[in-house]
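Asks: First the structure, which I've put down as structure tokens, then a few questions once you've had a look.
Values in this text are rule-based calculations from the coordinates and carry no lab data. In this text the structure is predicted, and so the values were computed from the model without any measurement. Don't worry about glycine lacking a Cβ; one is built from the backbone with ideal geometry, like all the others, and counts go over all protein chains shown.
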Amino acid sequence: MANNKEALALVVDVGIGMSQAAPGYDSPVQIASDILQMIVQRKMFQESKDELALILYGADESNNDLADEDNYRNINVVFPLSPANWHLFEEIQKIKPGNNPADLVDAIVVAADHLRRETEGKHGFAAKRVMLFTNAATTFSDHSLKTILDSLRRQDIIVDAIGPTWGQQDEEDDNEENHHPDPSMETNGQENGDENSDANRPTTNGYHHQTPKKPLTQQQQTGIRVIGEIVNSTEGTLFTFREALTILSVHQSKIVKPTATKYIMQLADLKLHICTYIQVKDNKPAIFRLKKVYARDPTTEIKVDRGRYTKDEQDQEIEKEELTDGFRYGTTFVPINKETLDEMKYQSEKCFSVIAFSEANMMRRSLYLGDTVYEVIAEAGFEEEAQAFAGLVQAMYETNTVAIVRKCFSERSAPELGFLRPHIAHDHVCMYYVKLPFAEDLREFEFDNLDSTKRNQPNDEQLKCIDNLITTMDLTHADRSGEEAFRPELVFNPYIQRMFQSIARRAVTPDEPLSLSNTIMEMNDTLLRSIAGKSKRILNTVHEKFVLRDTDRRQKITTGDALFGNVDSTAKRARLDENENIEEPTTDSTTTPADSASFEAQAAAKKKAAMRNVGTLTPVEDFKFLIEQSSPSFAEVCKQMCNIILELVHNSHGDALFEKALQCLQCLREICINKLEPKIFNDLELLLKKQASTIDGRKDFWQKLIDEKLSLITSEECVESNVIPVEAIKFLEEEIPTETINNAATTNEQDGEDEDLFDLI
């Protein structure tokens, strides 16, 4: 087993000195408890293999292997060394200040002994560490300190310490008091930056901590000196509470060791052994494999049992062995067995072949595909091939050339196209691989050139204004110390941070609502306000130079009166000026019959082009034309057709319009079957039958449907229908039962894309 985990003993002072705090301030033991919770949360979220132990000194109990009547009293091993879990988290939440004195040197000895006992004979521990939380306010004995330090060094145990202050912070605090932000950057209700100081900022766990500044006692000065000696001797580190909160407030995902994928790069007859590593990859938000649990009892095991049943009255269960894959061909399902599927699969082999070279400027950024960039290096152990690889990279670098590559990860993977860009930095020689699209993946879109219109050209003042805005928002030296602000390696994904924070808050306080105010950006609010304050004046100038105006778009005239109305030539010309899509040809006395026929054809074509609604004159033709045009949408055109059918039935004198309504209904039925949308027609027929029983004079139209046997669309006619033929026959013969209405109304529920027909009508 590889040595890749750490044994960490968390030693916390819960004595009287840690519980004392001024009014309105958090006690040191409370801040230490919050830091401990953040440490445990990070270990669990990272799925770390590190093992932790929790040891309290100054407690009411004495529970450790070294305790006797006189020595190592009031030291309690609350949680023995084991991986971080919620039980440890709960123990940390239970920490309460004690009333008993305890020796911090004895606590370190107990922790070191516990680490030795728990790791003895076990493999995989790369380091052992003791993390001490104290304000050094309790008395202790250091008469055997030299012996203890020698023992810690022999066991390779590192001691770190975290406390309110270690003396060196006083000067920094004075500097912060003397540093006041620019008043122009302040917001209402905030003075001198007090509310946004580093100590008062909320962490991503929602903690607000304030620590008072007070002089150190003689005991604390002695304790800080001894703790500093212990930490320096074991090559540890001193942290203040503020520093620890800043570091731990950012959650980190699981650290994964990079692994290489080996290929053989083939260039003509030359073969080179190479390795690829992930250089840049899109960080997916799917951090956790979420499991479903029973809300009332999360410990109850949930088992998933899947069953397959026939879609008929028998409702028989189908065994998995009786199933086979099928593909839809029109309205027919074509079954294909596993052997046929295997034969249809593309047969490939693992490869990494250079098929061509190209100029680097041909690889436009718009052609980059995928979410991962790979670093390609020569495989270790092949020195001659490594020299050839370095020579290839050098030649490509000098000629500004990239290599086009065919890459296939394995025999079961689809081949992909990519390019290799050379990269030389100091003594590191490599190439970067980026995926490229195939010709079928490209979509060329043409847009109007904005520069061709004079009013779109910016003037010199506008260009200068934008240049000033870019300068004021430059992050190169925007940090307080003059360094670059928001460096990519220091800025974390706010989505992931929010997810970590929400899960941690829900685990700690399951009954409280999640707060939306504590985000990762609040950790940098002072810097953000500083940049915004500098840019405010320039932004106001931008608003003045680039004026936005509301423009009313002209309505296009598409009515029949506008096209063919009997008006004089003056009114007609004015109408044509308003309608850009319609041109009215002029005629004179010399127009021939052929010209007149041509004019009528042009007018009819323009009328069709302007059509957007189904008319009552030729509804079937209009409906088919709009369906072919695909504009408006299919659902909208069907809605218009349904309204036309209902209008014809209701406005008919006797049965004068029944024949036209029947033709419309038959056309709608045919289109719905072809488009696999039976629900629209079935809902309309349900409405017609309902109205036939409630509206006088419409029963004769329903009888006409019965005579024509124009019933619901069944599953035999359209695979998307849930109405079986028996139900369709009964639908015409009998009174409509409630269960049939419910069945037909729920036929082929769409995924929220089409509105219900009853709501449309």
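Asks: Sticking to Cα atoms, compute the Rg of region 1-149 to one decimal and its Dmax as the biggest Cα-Cα distance, whole number, in Å.
Replies: Both quantities, over Cα of region 1-149: 15.4, 52 Å.
Asks: Sort largest first and round to whole Å: the equivalent ellipsoid semi-axes of region 7-72, each the square root of five times a Cα gyration tensor eigenvalue. Display every interim value, and only then the final one.
Replies: Working: eigenvalues 112, 97, 6 Å².
Gyration-tensor ellipsoid for region 7-72: 24, 22, 6 Å.
Asks: OK, next. Counting other Cβ atoms within 10 Å, keep those with at most 10, restrict to DSSP loop, and tell me which GluC sites (Glu not before Pro) in region 54-137 are left.
Replies: Taking region 54-137 and a limit of 10 other Cβ atoms within 10 Å, the loop GluC sites (Glu not before Pro) found are Glu69, Glu120.
Asks: Find the percent of Cα-Cα distances in region 38-118 that exceed 21 Å, and round it to a whole number. Each step should come with its number before you reach the end.
Replies: Values: 1028 of 3240 pairs.
Pairs farther apart than 21 Å: 32 percent.
Asks: With the cut-off at 1.5 for a/c, could you classify region 617-719 from its C-alpha gyration tensor as rounded, prolate or oblate? Present the calculation step by step, with values, prior to reporting the outcome.
Replies: Numbers: a/c = 2.00, a/b = 1.33, b/c = 1.50.
Oblate shape, in that a/c is at least 1.5 and b/c is the bigger or equal ratio.
Asks: Would you mind giving the average projected area, over all directions, of the Cα convex hull of region 348-474 in nm² with one decimal?
Replies: On the way: hull surface 51.6 nm².
Computed as one quarter of the Cα hull surface, the answer is 12.9 nm².
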